[in-house]
Amino acid sequence: MIRKKIVLLTLLLVGFAAKAEEPVEELGPDRWPTTVEATVDDLIERMPDSSKEKLAAMDEEGLALAHFGIGLHIRNYYGLWRGNDKLLRDACGGEACHPDDASGHIVKALWSKLRESG
């Protein structure tokens, strides 16, 4: 069961990365989303359908496996390590928190929205 989750997560990460024709650049502070909702909407817009389906099909326990896949992308791309304090605070209920924790909340929000719409 764990092996199947790891394979699904790997496919999710590869599928997400494969959509971009050019290397993915980090957003600058002038383009950072500052809410979880805006971040989730941006992710949904940019993710390939196959990655959305794979993430939505995961159970909640499997989301921890997304830490080094989509979670890493979220931390890097949306500036969680580079000062996007507004997004950190929104993800963690108004308090600044660790980027790992914030990305976990964003992944869960993304997962929930994909499951609701699918």
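Rule-based calculations on the coordinates, nothing more; no lab input. None of the values given here were measured: they were computed from a predicted structure.
From the phi of every residue in the range 67-76, what ³J(HN,Hα) in whole Hz does the Karplus formula 6.51 cos²θ - 1.76 cosθ + 1.60 yield, where θ is phi - 60° and glycine or proline is x?
3J(HN,Hα) across the range 67-76, in whole Hz: 4, 9, x, 5, x, 5, 4, 4, 4, 7.
Where does the Debye-calculated log10 I(q)/I(0) of the range 19-112 sit at q = 0.26 Å⁻¹, using only Cα point scatterers of equal weight, no solvent?
Debye curve over Cα of the range 19-112, log10 I(q)/I(0) at q = 0.26 Å⁻¹: -1.52.
Between residue 50 and residue 96, what length comes free when the chain is fully extended (0.36 nm per residue of separation minus the Cα-Cα distance, one decimal in nm)?
Value of the extension gain: 13.3 nm.
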